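In what follows, a single structure is set out as structure tokens and then discussed.
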Amino acid sequence: MIKLEGITKSFGSLQVLKGIDLEINKGEIVSIVGPSGAGKTTLLQIMGTLDEPDAGTVAIDGTVVSRMKEKELSAFRNKNIGFVFQFHQLLPEFTALENVMIPAFIAGVSSKEATDRAMEILAFMGLTERASHKPNELSGGEKQRVAVARALINHPAVILADEPSGSLDTHNKEDLHQLFFDLRDRLGQTFVIVTHDEGLAKITDRTVHMVDGTIKKD
Ligand code: ADP
């Protein structure tokens with residue numbers, strides 16, 4: 001589902017990624033762990049086509065994205081990749097439902113279809129009663145689940161998450177992690193999760209250890 005070959009990336013004179021090769025299978029839940037500054041977020045951003053490597057190729061579901069033009073790329077990204085960040089990044093002036101619908105609107109989905117899809121996902125997450133609430137009326141765990149719902153609205157094959165449970169307490173953390181597994185089991189999505197949470201890393205299908213811009217071999 002995701003294939004990275006020979007990925008390098010520098011910021012100025014600092015080489016942050018030093019030739020990364022990584023393949024992730026469909027339906028796999030992979031955690032990326034390692035010390036701060038190891039290059040985990042940079043790798044995730046490149047995997048998600050939000051940043052470009054200096055060298056190497058990125059292929060998502062057989063499509064080599066590293067050679068796409070920006071317009072084509074942003075449509076591809078919006079359709080095929082869902083993002084979940086540490087801080088939910090919901091738009092405060094919109095309701096939970098409207099926030100979830102945004103990527104569908106960007107993809108040109110009709111208002112009715114987007115509403116139907118969003119309500120179905122919110123229901124799956126037990127958030128039906130919260131659909132018309134604004135982010136400041138939701139708990140931390142609920143906000144993060146709304147952010148996951150938004151990442152799912154276009155049925156992307158890949159979900160990339162950067163410290164998704166980093167701002168949650170233990171109970172909400174476990175619920176969110178369980179949600180990832182439920183989604184994978186139900187929808188077959190592929191998850192790549194950058195995390196410091198050892199409990200999560202332990203239960204993922206595979207853990208990739210990054211150190212100083214490289215993947216540590218076990
Ligand atoms: P990690 O996620 O493992 O903590 P990052 O990928 O965030 O690591 O960062 C790796 C290194 O690259 C760090 O030293 C960071 O300061 C640097 N870095 C990341 N993004 C940028 C950027 N846009 N400009 C300059 N330096 C950056």
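No value in this document is a laboratory result; all are computed from the given coordinates. Note that the coordinates shown come from a computational prediction; the quantities given were computed from them, not determined experimentally. Note: ideal-geometry Cβ built from the backbone for every residue, glycine included; neighbour counts use all protein chains shown.
Let me have the 222 nm mean residue ellipticity of the chain computed from DSSP H runs of 4+ only, each contributing -39500 (n - 2.57), with the sum over all residues rounded to the nearest 500.
Details: 7 runs with 81 residues, N = 218.
Here the helix-only value at 222 nm equals -11500 deg cm²/dmol.
Can you give me the distance in nm between label points at residue 203 and residue 71, each placed 7 Å from the Cα along the Cα-to-Cβ direction?
4.5
With a point put 7 Å past each Cα toward its Cβ, work out how far residue 50 is from residue 110 in nm, to one decimal.
Result: 3.3 nm between the two label points.
With all distinct Cα pairs included, what does the Kirkwood hydrodynamic radius of the chain come out to in Å, to one decimal, could you say?
Working: mean 1/r = 0.0565 Å⁻¹.
Here the Kirkwood hydrodynamic radius works out to 17.7 Å.
Just to verify a number: FRET efficiency for residue 167 and residue 93, C-beta to C-beta distance, R0 = 25 Å, to 0.05? Show your work: numbers first, answer last.
Values: r = 21 Å, r/R0 = 0.84.
The pair residue 167/residue 93 has a calculated efficiency of 0.75.
How large is the direction-averaged shadow of the alpha-carbon convex hull of region 136-209, in nm²?
Numbers: hull surface 20.3 nm².
If you wrap the Cα atoms of region 136-209 in a convex hull and average its projections, you get 5.1 nm².
Any idea what log10 I(q)/I(0) is at q = 0.22, 0.31 Å⁻¹ for region 1-60, Debye with uniform C-alpha scatterers and no solvent?
Treating every Cα as an identical point scatterer, log10 I(q)/I(0) equals -0.89, -1.50.
What is the distance, in nm, between label points placed 7 Å from the Cα along the Cα-to-Cβ direction at residue 181 and at residue 13?
Modelled inter-label distance: 4.8 nm.
Explain nothing, just the number: relative contact order of the chain, from Cα pairs under 8 Å at least 6 residues apart, as a whole percent. Intermediate values should be presented prior to the final figure.
Numbers: 403 pairs, mean separation 69.0, N = 218.
With pairs under 8 Å counted, the relative contact order is 32 percent.
Keeping to pairs on different chains or 8 or more places apart, tell me how many lysine pairs in region 34-144 have Cα atoms under 19 Å apart. Don't skip to the answer; put the middle values down first.
Numbers: 69/79; 71/79; 79/112; 134/143.
Eligible lysine pairs with Cα atoms under 19 Å apart amount to 4.
What list do you get for 133, 155, 177, 171 if you sort them by fewest beta carbons within 10 Å?
Numbers: 133 16, 155 13, 177 21, 171 9.
Going from least to most buried by this count: 171, 155, 133, 177.
Residues with amide H under 5 Å of residue 211's amide H, sequence separation 5 or more or different chain, H placed in the peptide plane at 1.01 Å from N; which?
216
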